[in-house]
Structure formats: structure tokens, C-alpha cells
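Beneath this line is the structure, given in C-alpha cells, with notes to follow.
The values are calculated or read from the model by the stated rules, or taken from the named source; none is laboratory data. Remember, it's a predicted structure, so these values are computed and weren't measured experimentally. Here the Cβ is made from the backbone with ideal geometry for all residues, glycine too, and neighbour counts use every protein chain on show. When the accessible area is computed, the model is the full protein with side chains, heavy atoms only, and any ligands, DNA or RNA have been set aside. Shrake-Rupley method; radii C 1.70, N 1.55, O 1.52, S 1.80 Å.
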Amino acid sequence: MYTFSSKLKTFSFILMIVGILGIGYGFLTTPKNIKEVEEMLAASSHGEHHTEAVTHVANTHETKPVAEHKEVVAHENDSLTKVVSHSVGVKEDSLANKEEVAVNLAMVDKIEKEDESKLADVKAHKEHEAHLEHVLHQLQNKPWAAFYVACIFFLLISMGVLAFYAIQQVAQAGWSPVLFRVMQGITAYLPIGSVIFFIFLVLCGMHFNHLFIWMDPEVVAHDKLIRNKSGYLNFPFWIIRAAIFLIGWNLYRYFSRKNCLAQDESNDNSFYKKNFKMSAAFLVFFIVTESIMSWDWIMSIDPHWFSTLFGWYVFASFFVSGITTICMITLYLKSKGYLENVNNSHIHDLAKFMFGISVFWTYLWFSQFMLIWYANIPEEVTYFITRIEDYGITFWGAVVMNFIFPILILINTDFKRISWVLVMAGTVILLGHYIDFFNMIMPSTVGDQWFIGIPEISSLLFFLGLFIFIVFTALTKAPLLPKRNPFIEESKHFHY
């Protein structure tokens, strides 16, 4: 039986405490009104950019109150012009009257110029307030979005491990049963992670934040495209779908572990057969719900954009993250003297999956990027323009961390068996895919007001600490070796 190290447990509590403090700090320091936003922008390096943006908007847009003011000014000018014209028509032969008309015309011209100046000031003021309101929403979204990225990332890591576990069951793989307890320990995070995530979604529906703009009635009322999607993108249907997905995934996780433990005490393979059938059904359910989940929880943050590859792209990201987590925890347990039946061939196979799914992720990344960029459809290419221009470091950094680095390291067969190399590669892959989720969520929620600061780091630390505590606590609940799995002997003596 595994014993949870007191040092590791203390470390997990420290991470959670530091994370909670940082998350609280992020919410407390969020600006509360546009006056605070204006002061922040004036004091920041973005002040000049902000002023230019306001000026540009003021010159190219017109608000309703400004338009009404313009009509009033035009009406007054028209009336004055009629008076002058009448004066010209009645007394145009008189030199004195001609001089009077000239004065009146000059007066009209002066009034028109003054009114145009006032009109421009009103327009600039209105657009300035609209811009500040927009930036206020972005800055208020920042701690929420940081929390959301970390929350969904760790939830989907456990989902990736659960999918990998189900695949091993259905494939009747002979190499992996010695790793089943590690996989089950990681998926123990799923129930707690699901509860936290579902509560967060409910808070979104209660308008505690502006992450999902299609939940705002005013936005929907003025946006035809979002309004046309309201039959699908509406909060009641959306939250019901989320409940079905989370409950379905957790039910499989609960019963598959229960059957696996019962198989240890059984005299036949009945529980193993139940798990086989259950896993086959779950994979069908998973592949459908995973795609819809990616549309609902990530793609709908930017409801004007869509990609037919998006479900597979998200899957590849959290699937390789889950496999990497299995490898990292296995290496840790091996270093502490556990999992004596896990040999270098098992580690080698996990590393092969890390390498292969990294290539698969890159294939999907390039396919999505290349097709949209080449087609150059404005509604689609805007997604990448925003990320390249405002998130260039993280956008291209994710490609380096999730493709170039794994390829250079894990393509070597010998490196797939060296623990410190795999820990280094695994750390980069996990951070790279966290950045990948960051790139998917942040641009549509905080725009160019992003920065990896206290809210982002604290959210990551909190969920990392929670993940470590739950996973390693679960590992203490059962023996690390399944005793009665039909393939356990083959797995013990597996050699590549």
C-alpha cells in the first residue's frame, strides 16, 4: 500500500493556501468602475495606445445621443440660414443690408464651426466612455478567466486519463494493467473537479462575470449571429448539457473503479467483463460529449467563430496532458520504491504515447490554422489574427513547447527510458498545454489586457495543490497492483 508522504501533503496544502490568497488578491484588485480603469490606463504603458484607440473610434463611429445632437444643431443652423436668406431676398438692393447679410453669414459660419467642435467633443466623450466600459469588463474578467483556465485544465487532465484507461480496457491491452491504479488515482480528481467546475458555470449564468457574452441579453438583442444561435446557446440548455456530461463521466469513473477493485476478490472474470462492456459504451458517450463539451465550454466564449476540428484539437491537448501526468506520477512512485512491477518498457510505452499524441496535436493545430488562414474568411481568420498580434509569445510558444521540444527530445528511443529526461519533457508538455488552454480562452475574455501575473499563477498553484492532494490520497485507498486482472502476469513481464 502507498503511504502519502507528509512532505508532499504539506507541499500540496502550501500550494492551495498560496493559491487561494493570490486568487483573492486578484479579485480584490480588480477595478470597480470606469474611473479606476481610466487611472490605470493613464498610469500604464498602454496609455498612449488607449488614447489612439479612443481617437480612432471617435473619428469612425457615432452614438445615438450624438446623432440626436447633430440633428438639433442642423435644425438650428437651417432656421438661421432661412432668416438670412429671407433678409437677402427682401433687401438685397441695399448696400447696408448686403453688409448685414455678410455679417449674418459670417455668424452662421462661426456657429456651424462651434457646433461641429461641440459635436466632435460629444462623440469623443461617448466613445471614450464606451471604450472604458469595455476595458472594465475585460479587467473584471481577468481573475475569473485565470481561474477558469486552471479549473478546466486540471478537470480535463483527469478526463484524458479516464479516456486512456477506458481505451486500455476495450483494447484488452496486456502491457498496462500494472498502471491501472495510477490511472484510477488520477481520475479520483474528477468528482471534486466536476463540482467546482459546475459551480463556476452556474456563476457564469448568474452574470457574476462576462466570460460568455452570449449570456448577456443586451448583446444578443443587438447581435443577429448570436441571436440565430440562441436555440442552442441559452443558459438552461447549456447547463443541462454540462450536468449530463459531468454526471456521465463520473458514473463511469465510479463503477469502473468499483468493478476493478471487486475483480481482485472475485473467483472469475465477471467484473472484468462488466468493465469491458461498460468501457466500450463509455467511449461512445465520451467521444460525442467531448466534442460538444469543447464547443460549449471553450468555443462558445467566442460565439462568432467556429472550427470543425475544434473538438479533436481540444481532445488531443488534454489527452496528451493526461498521459504525461500518468508518466510523471509513475516515475515519482518508482523513485519512492513503489510499483516494483513497472519496468523501463512500461515507461518507454508511455513516452511513445507522449510523443505520438504530441505529433497528433501538431497535425490538428496546423490543419486548423492553415485552412482558416488560407481561406481568409474574415469571420474565421480574426481568431488567429487576435492571437498572433496580441498573444504572439504564448501563441508561438505553445507550438515550441508542445511540438518542437517533444519532437527533439522524445524522438530518441534511449531518451524514452531516462527518468530525468522524461520529467523535463513532461513538465514542458504540461506547461505548454496549459498555455494552449490559455490561448483558447483568454483572448476572447480579456482581449489585450492579459498578463501572466498573480491571478494566473495563483489559480494554477491552487488547482495543482488540490490535484496533488486528491490524487495521492486516492492512491492510498487500494493496493497499487491489481491482483486478479486477466492480463496482470503479461503486464508484469512486459518487455519492449
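Please work out if residue 306 is under 20 Å from residue 154 (Cβ atoms) and either open to solvent by less than 50 Å² (accessible area, probe 1.4 Å) or outside any helix (DSSP H, G or I) (or both).
When the stated conditions are applied, residue 306 does not pass them.
The residue pairs whose first member lies in region 209-220 and is on the phi > 0 side of the Ramachandran plot, whose second member is assigned to a loop (DSSP other than H, G, I, E, B), and whose beta carbons are closer than 9 Å, counting only pairs six or more residues apart or on different chains, do not exist in this structure.
Could you run through region 347-404 and say how many residues are among the β-branched types (Val, Ile, Thr), assigned to a helix (DSSP H, G or I) and more than 30 Å from residue 180 (Cβ to Cβ)?
11
Residues that are crowded, with 21+ Cβ neighbours inside 10 Å, of a type in the set (A, V, I, L, M, F, W, C), closer than 23 Å to residue 294 by Cα and at pLDDT 90 or above: does region 471-489 have at least one? No, every residue in region 471-489 fails to be crowded, with 21+ Cβ neighbours inside 10 Å, of a type in the set (A, V, I, L, M, F, W, C), closer than 23 Å to residue 294 by Cα and at pLDDT 90 or above.
Among the conditions (1) open to solvent by 10 Å² or more (accessible area, probe 1.4 Å); (2) under 18 Å from the mean Cα position of the chain (by Cα), residue 361 misses just one, which is (1).
Scan region 375-431 residue by residue and report those that are basic (Lys, Arg), under 19 Å from residue 325 (Cα atoms) and either surrounded by fewer than 17 Cβ atoms within 10 Å (Cβ to Cβ) or touching a Ser or Thr at 6+ places or on another chain (Cβ under 9 Å) (or both). Within region 375-431, just 417 meets the criteria. In region 232-248, the residues that are under 12 Å from residue 296 (Cα atoms) and at pLDDT below 95 form Cβ pairs under 7 Å with partners that are of a type in the set (Phe, Trp, Tyr) and open to solvent by less than 30 Å² (accessible area, probe 1.4 Å), at six or more places apart or across chains, as follows: 233/214.
Among residues of region 124-173 being in contact with a Pro (Cβ under 9 Å, 6 or more places away or on another chain) and farther than 29 Å from residue 207 by Cα, the one that is modelled with the highest pLDDT is 168. As a summary of the residue check, residue 335 satisfies the conditions (1) farther than 30 Å from residue 4 by Cα; (2) modelled with pLDDT under 95 except for the one numbered (1). Pairing each residue of region 431-455 that is in a loop (DSSP other than H, G, I, E, B) with any residue that is open to solvent by 10 Å² or more (accessible area, probe 1.4 Å), provided the two are 6+ apart or on different chains, yields C-beta distances under 6 Å for 447/138; 448/390; 449/138; 449/139.
Just checking, does region 222-243 include any residue being surrounded by 16 or more Cβ atoms within 10 Å (Cβ to Cβ), under 28 Å from residue 376 (Cα atoms) and basic (Lys, Arg)? Taking every residue of region 222-243 in turn, at least one turns out to be surrounded by 16 or more Cβ atoms within 10 Å (Cβ to Cβ), under 28 Å from residue 376 (Cα atoms) and basic (Lys, Arg). If you go through region 135-154 and keep only what is within 13 Å of residue 444 (Cβ to Cβ) and open to solvent by less than 10 Å² (accessible area, probe 1.4 Å), you end up with 141, 145, 148, 149. Remark: residue 342 matches the filter, which requires a residue to be outside any helix (DSSP H, G or I) and buried (at least 19 other Cβ atoms within 10 Å of the Cβ).
Among the residues of region 171-194, just one is closer than 24 Å to residue 281 by Cβ, assigned to a helix (DSSP H, G or I) and open to solvent by 50 Å² or more (accessible area, probe 1.4 Å), namely 171. Has region 264-274 got at least one residue that is under 34 Å from the mean Cα position of the chain (by Cα), open to solvent by less than 80 Å² (accessible area, probe 1.4 Å) and either hydrophobic (A, V, I, L, M, F, W, C) or on the phi > 0 side of the Ramachandran plot (or both)? Checked region 264-274: no residue is under 34 Å from the mean Cα position of the chain (by Cα), open to solvent by less than 80 Å² (accessible area, probe 1.4 Å) and either hydrophobic (A, V, I, L, M, F, W, C) or on the phi > 0 side of the Ramachandran plot (or both). Restricting region 290-303 to residues that are open to solvent by 20 Å² or more (accessible area, probe 1.4 Å) and hydrophobic (A, V, I, L, M, F, W, C), the residue that is nearest to the chain's Cα centre (by Cα) is 299. Determine, yes or no, whether residue 320 is open to solvent by less than 30 Å² (accessible area, probe 1.4 Å), of a type in the set (A, V, I, L, M) and under 17 Å from residue 162 (Cβ atoms). It is true that residue 320 is open to solvent by less than 30 Å² (accessible area, probe 1.4 Å), of a type in the set (A, V, I, L, M) and under 17 Å from residue 162 (Cβ atoms).
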